[in-house]
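Here is the structure we will look at.
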Amino acid sequence: MLKAIVYKEWIKIKRVSLFLLLIGVLIVIGIYSNVRHELIIKDAESYWNGILQQRAIWFYVLKFVPLIVGLLIAVAQFVPEIVDKRIKLTLHLPTNEETIVLKMVLFGFFCTTLILSVFMGMFLGMGAYFFPQEIVWVSFLTTAPWFLAGIAAYFLISFIVLEPLWKQRIFYMLFGAAFLGTFFKGNFPGTNEYLLWPFVGLIACISIATLFSIYRFRKGEM
Amino acid sequence: MLPKLSRYLLVFVAIFTMGYVLPSIYRTFFDVRISSPNFSYSVLNKKFYASKYVDGQNRFSDMEGNEYTREEYMDELPINNFYYHLGKGTLPDSIMGVRLNPAQLRQENFYQGTAALEFSMPDYGLNPLFESASDFGITLPKDVFRIKDRMEFVVAKTNEIDEAKSKEYTQALKDQGFVFPARVLGGIPSFMKSRDDGWFIQDSTLQLFHLKMVKGRPEVNRVNVPEGFKIRKIICNDHASREFYATIVTDDNKLYLLMTDNYGIQPLPIEDFDANRQTLVMGGNLFYKTVILMDEAFTKVYVIDRDFKKVDELKEGLPLKSEMAIGKVEQFLFPFSIALNKSTSLFTGIYMKKYVSWSWAILSVVLVIFTLVLIKRNNRSLKNNILDIVLVFFTGIFGFIAVHMFPNKEY
Amino acid sequence: MENVVECINLTHYYGKKMVYENLNFNIKRGSILGLLGKNGAGKTTTINIINGFLTPKSGKCMILGEDSRYLSSKTKAQIGYLIEGHVQYAFMNIYQIEKFYSGFFPNWKREAYFDLMAKLKVTPKQKISTMSCGQRSQVALGLILAQDPELLVLDDFTLGLDPGYRRLFIDYLRDYAKETNKTIFTTSHIIQDMERLIDDCMIMDYNRVLAYMPVKKFLNDFREYTIELENPDIGVALEGPIVNLEKMHNKLEIYTYAAPEEIKGYLDAKGLGYTNFKEVDMSLEDAFIGLTGKY
């Protein structure tokens, strides 16, 4: 049964996932092509000095990429479910309604996380080629909330898309935008060291939010 | 069961978000500026003067409330404003029997400030070691150093460790008795400075060392410090007077000067400094040093003579936002507020501010009644909504919006 | 014979608007019940309640012995559900969708599905979204046949089908149901051809049931008479045996369960002068319109 769920979910998000993966990989390569170029045309030590003393950030372009990944995957996965209320088909399958929705969300979460992990891995790996571990570590701390925002966006958008009523959906979009905004408040390198676990906790809180939408749908809010 | 849980988790996240967003929207619209006055101590009259920015212009006064014009104020404080007097040719020849020499005044004059957030900020742990005896001014070295279980130099161009240099410097430190790793480092990592004095490094056994690079070679000196001298921060300077290398703040918030003369450790007679909250400002001239501690509630000024004895002090309270209309309304509207940034740290976090006043409870009660009416009107059972009502009471407007945004319908 | 579906005192409101109050009906195993009504009469509401997508304000539905609000997986496997408009996972092709569904049903009848698909002129990679309405209806039907459920719940399956496909769908379904003793609950607002399919009919108007009986009995007992009034200005009231009326000038269509003599007697007793009393043959569609009115 899980196989069948994965099969259908993958059909929905295959294209967008592969596309986003490609775009993200290109962006990371772009970031470090630029760093390499800078290191060549400037003195390497003054480029480093910019990072260490002026706290320059060389990867701003990455900022909203994870958010877009989470958002698009959620849209690709759940919009086809609400078109013509197809979610009824899913909920009618001979299995527990909550379990099947959680499995769908789990698979989308897995794909989002996998794509983001590839970006993060590449970003840190290429970073380690040009910079010492201290700089790589701080760049991890700086970007980690952005990546977490991508996962939060996935859960939130899934929940919002599955919400049956438009009126409610608009409130939830406002709430979602405000909530996601908190992931982008730290603009100083390494500033978010102590906020990562609280963010993880908040994401855990919204991870089963889709159940609320499904519950409302099943009780007749259409 | 799970859908109910998911709702409460959403309500929780919404309360968190509202607790952050609503107060910040409120402050964006209604915040007021509180400018703290500048206090100066007059060598002439042995008393404090204040200059304050009010309604777009500077106002000058003394502590008795007498107002002064800008010219009068400048005349009362000739040493503090000697540049002004030099320009106008009105500098007195001598004060307190000391002949005033412009070059000397210039040399002895200094100013430095350290905000609380400099004690709480992310740090890369990589710093440049400049050539201290450079013939061509200060230039960036090709590498940066870290100190862990040894001292390592990482070359920027290759991102590789310069083994020879690392060994040489590690050995030089060890020869002086340095025990790795380092506890605290102090230095000026910028090349925008008048000279380089290298780095002061406290090792894991609380010994303090002075490391410089002289003609490419390491030069390490030991600094004798009192027993159990736990340094929190070493604030180095390049003041022209070369009187002291650095201001040292210890873990127990005591202030010391690390003197240039024989590496003496000179305690400052200041008892109530709190590095976590206060901005530390120091100024000095030919006659006195002033140490200013500032936070939201008050400004405290100490005047210290050249023998490091306290000669005067001043404590002035600031208007508190919590006692102004904006603060009172805020405490009525919100039972608490959440911030992700704060002025005393560069680390983000969930900084929750709980107000002392209970005025928010009035609004909470109103919102609880309103919620009860809604429950009654929609024929919902009270029993299923008890948690919602409790949430509305304790989280006020945040909880009210949250529980209604995620309706607790019964089917 | 046992009841596969039992709906007891169903009452539902959307806000203040009543859909129906105290609706009761049963479907016996092996029988086919058609819920006929105009758009907005509450057909889909009933389907949603049966499938557990809607909790009624009061009353309940028992499906294969289980409360529809808490259907077990086992019972859901025994309910074939066709959504209004043959909605399916249109982003898949016919092979993908079969592969998906087969993972959920241990007794999946693959051949039943592909037998039906063989008749469709679609390319193997063609997505369902690009198919015609008729083709999509066949895919949806094929999936239900492969699922091989006890109860088929079909929401307005004739919607959008051209006459040929409608006939095909109905005949295929009827043969299948009768051969395998399946129970069917279907709704429709298009009545044409429905008498070929259903055993019992329930005709619903806004917030009430107008008729609930075997379709043969309904076709037999429900009659239309036409008369020509001598005085076209005389109004005839909806009372006594008269269930519905349509009046055009002096021509009057009378819908009733009464025999000709009875209705004549009634008209005479009312003192209405009329000529040209005729009984009209009606199809189910005519009877439906006669009962529910044209508006």
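The values are calculated or read from the model by the stated rules, or taken from the named source; none is laboratory data. In this text the structure is predicted, and so the values were computed from the model without any measurement. A quick note on method: Cβ atoms are made from the backbone with ideal geometry, for glycine too, and the neighbour counts reach across all protein chains shown. When the accessible area is computed, the model is the full protein with side chains, heavy atoms only, and any ligands, DNA or RNA have been set aside. Shrake-Rupley method; radii C 1.70, N 1.55, O 1.52, S 1.80 Å.
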Report summary line: Surrounding charge for B:Arg7, neighbours by C-beta under 11 angstrom, Lys/Arg +1, Asp/Glu -1, total +2
**Report entry** Gain in span if fully extended, C:Ile190 to C:Lys278, counting 0.36 nm per residue against the direct Cα distance
**Finding:** 29.0 nm
**Report entry** Table column - 3J(HN,Hα) (Hz), the range C:217-231, Karplus curve with 6.51, -1.76, 1.60, x for Gly and Pro
**Finding:** 5, 4, 5, 6, 8, 8, 10, 10, 10, 10, 9, 10, 6, 6, 10
**Report entry** Lys, Arg +1 and Asp, Glu -1 on Cβ, resulting dipole of the range B:38-100 about Cα centre, debye, nearest 20
**Finding:** 220 debye
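In Å², what does the accessible area per residue of the range A:104-172 work out to with a 1.4 Å probe? Walk me through the intermediate numbers first.
Working: 2270 Å² over 69 residues.
That works out to 33 Å² per residue.
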**Report entry** Buried accessible area, chains A and B (both chains, 1.4 Å probe, Å² to nearest 100)
**Finding:** 4400 Å²
Query - Peptide B:148-161, shielding by other chains (average Cβ, 10 Å cutoff) - result: 3
Query raised in the report: Which of the residues in the range B:172-207 lose at least 30 Å² of accessible area when you go from the chain alone to all protein chains together (probe 1.4 Å)?
Result: B:Pro189
Query raised in the report: What spacing in nm lies between the two simple spin-label points modelled at B:Ser24 and A:Leu26, each 7 Å away from Cα in the Cβ direction?
Result: 3.3 nm
Requested in this report: Would you kindly derive the ³J(HN,Hα) couplings of the range A:157-168 from the backbone phi angles with the Karplus curve 6.51 cos²θ - 1.76 cosθ + 1.60 (θ = phi - 60°), listing them in order in whole Hz, with x for Gly and Pro?
Outcome: 5, 4, 5, 5, 5, 6, 4, x, 10, 5, 4, 5
Report summary line: Placing each pseudo-label 7 Å from Cα in the direction of the beta carbon, B:Val390 and C:Ser73 end up separated by a distance in nanometres of 3.5 nm
Report summary line: Taking a straight Cα-to-Cα line shorter than 26 Å from C:Lys119, and setting aside same-chain lysines fewer than 8 residues away, one finds A:Lys8, C:Lys99, C:Lys109, C:Lys127, C:Lys178, C:Lys182
Query raised in the report: When you count, for each residue, the other Cβ atoms within 10 Å and take the mean per peptide, how do C:116-123, A:104-111, A:142-149, C:172-179 rank with the highest first?
Result: A:142-149, A:104-111, C:172-179, C:116-123
Query raised in the report: Separation between the A:Asn187 and B:Leu320 pseudo-spin-labels, each 7 Å from Cα along Cα→Cβ, expressed in nm?
Result: 3.2 nm
Report summary line: With only helices counted (DSSP H, runs n ≥ 4, each -39500 (n - 2.57)), the per-residue ellipticity at 222 nm for chain C, to the nearest 500, works out to -9000 deg cm²/dmol
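By average Cβ neighbour count within 10 Å, what is the ranking of A:77-85, B:87-95, C:267-275, C:183-191 from highest down?
Details: A:77-85: 19.2, B:87-95: 11.6, C:267-275: 13.1, C:183-191: 22.3.
Final packing ranking: C:183-191, A:77-85, C:267-275, B:87-95.
Averaged across the residues of A:177-184, what count of C-beta atoms belonging to other chains lies within 10 Å of each residue's C-beta? Kindly include the intermediate steps, with their values, before the conclusion.
Numbers: counts 2, 8, 7, 1, 4, 8, 1, 1.
Mean partner-chain Cβ count within 10 Å for A:177-184: 4.
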Query raised in the report: Using a 1.4 Å probe, what is the accessible area per residue for chain B, in Å²?
Result: 49 Å²
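Could you look at the protein assembly as shown and say what percent of its accessible area is carbon and sulfur, using a 1.4 Å probe and all protein chains? Spell out each step's value before the answer.
Details: 23340 of 41510 Å².
Carbon-and-sulfur percentage of accessible area, whole number: 56.
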Query raised in the report: For C:21-31, what's the mean count of beta carbons from other chains sitting within 10 Å of each residue's beta carbon?
Result: 0
Report summary line: Result for interface chain A to chain C, accessible surface buried in total, 1.4 Å probe, Å² to 100, stands at 2700 Å²
**Report entry** Low-density loop cleavage sites - GluC sites (Glu not before Pro) in the range B:216-278, where at most 11 other Cβ are within 10 Å (DSSP)
**Finding:** B:Glu227, B:Glu271
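So if R0 is 56 Å, what FRET efficiency would B:Ile265 and A:Met173 give, r being the distance between their Cβ atoms, rounded to the nearest 0.05? Mind dumping the intermediate values first?
Numbers: r = 60 Å, r/R0 = 1.07.
That gives a FRET efficiency of 0.40.
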Query raised in the report: Which three extents, in whole angstrom, do the alpha-carbon atoms of the range B:189-233 cover along their principal axes, largest first?
Result: 33, 22, 15
Requested in this report: Report the extension gain between B:Asn45 and B:Phe180 in nm, rounded to one decimal, defined as 0.36 nm multiplied by the number of residues separating them, less their alpha carbon distance.
Outcome: 43.4 nm
Query raised in the report: Can you give me the relative contact order of chain A as a percent, contacts being Cα pairs under 8 Å and 6 or more apart?
Result: 27 percent
**Report entry** Longest to shortest principal axis, alpha-carbon extents of the protein assembly as shown, angstrom
**Finding:** 139, 66, 45
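Between A:Ile68 and C:Glu262, take the C-beta separation as r, use R0 = 60 Å, and let me know the FRET efficiency to the nearest 0.05.
Details: r = 75 Å, r/R0 = 1.24.
Calculated value: 0.20.
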Query raised in the report: How high is the FRET efficiency between B:Leu333 and C:Ser58 when r is their beta carbon distance and R₀ equals 51 Å, given to the nearest 0.05?
Result: 0.75
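Leaving out ligands and nucleic acids, and using a 1.4 Å probe, what accessible area per residue does the range C:1-54 come to in Å²? Don't skip to the end; give the middle numbers.
On the way: 2000 Å² over 54 residues.
Ligands and nucleic acids excluded, the result is 37 Å² per residue.
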Query raised in the report: Mind checking the log10 I(q)/I(0) for chain A at q = 0.08, 0.14 Å⁻¹? Debye, one equal scatterer per Cα, no solvent, two decimals.
Result: -0.34, -0.86
Report task. Would you mind putting A:204-212, A:122-130 in packing order, based on average other-beta-carbon counts within 10 Å, highest first? Result -> A:204-212, A:122-130
Report summary line: For B:Ile95, the residues 5 or more places away or on another chain with a placed amide H closer than 5 Å to its own amide H are B:Leu100
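Using a simple charge model, +1 on the beta-carbon of Lys and Arg, -1 on the beta-carbon of Asp and Glu, nothing else, what dipole does the range A:2-218 show about its Cα centre, in debye to the nearest 20? Spell out each step's value before the answer.
Details: 18 positive and 11 negative charges, 174 e Å.
Taking the Cα centre of the range A:2-218 as origin, the dipole is about 840 debye.
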Report summary line: With +1 at each Lys and Arg Cβ and -1 at each Asp and Glu Cβ, the charge dipole magnitude of the range C:184-295 around its Cα centre, to the nearest 20 debye, comes out at 160 debye
Report task. Using a 1.4 Å probe on the heavy atoms of the protein chains only, list every residue of the range C:55-82 that has 20 Å² or more less accessible area in the complete assembly than in its chain alone. Result -> C:Thr55, C:Arg69, C:Ser73, C:Lys76, C:Tyr81
**Report entry** Theoretical ellipticity at 222 nm over chain B - DSSP helices of four or more residues, -39500 (n - 2.57) apiece, nearest 500
**Finding:** -8500 deg cm²/dmol
Query - Length gained when the stretch B:Lys254-B:Thr69 is fully extended (0.36 nm per residue, less Cα-Cα span) - result: 62.8 nm
Report summary line: Over all pairs of different Cα atoms in the range C:222-292, the reciprocal of the mean inverse distance gives a Kirkwood radius in Å of 12.1 Å
Query raised in the report: What is the set of long-range amide H partners of B:Tyr68 at a cut-off below 5 Å, with H atoms built 1.01 Å from backbone N?
Result: B:Phe60, B:Ser61
Query - Under-5 Å amide H pairs with B:Met151, H placed in peptide plane, nonlocal only - result: B:Thr170
Query - Scaled radius of gyration (Cα, divided by 2.2 N^0.38 Å) that the range B:257-330 gives - result: 1.42
Query - Karplus-derived HN-Hα couplings along the range B:215-227 (A = 6.51, B = -1.76, C = 1.60, θ = phi - 60°), whole Hz, x at Gly and Pro - result: 6, x, 9, x, 9, 10, 10, 8, 10, 7, 10, x, 4
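Restricting to DSSP H runs of at least four residues, report the calculated mean residue ellipticity at 222 nm for chain A, -39500 (n - 2.57) per run over all residues, nearest 500 deg cm²/dmol.
It lands at -26500 deg cm²/dmol.
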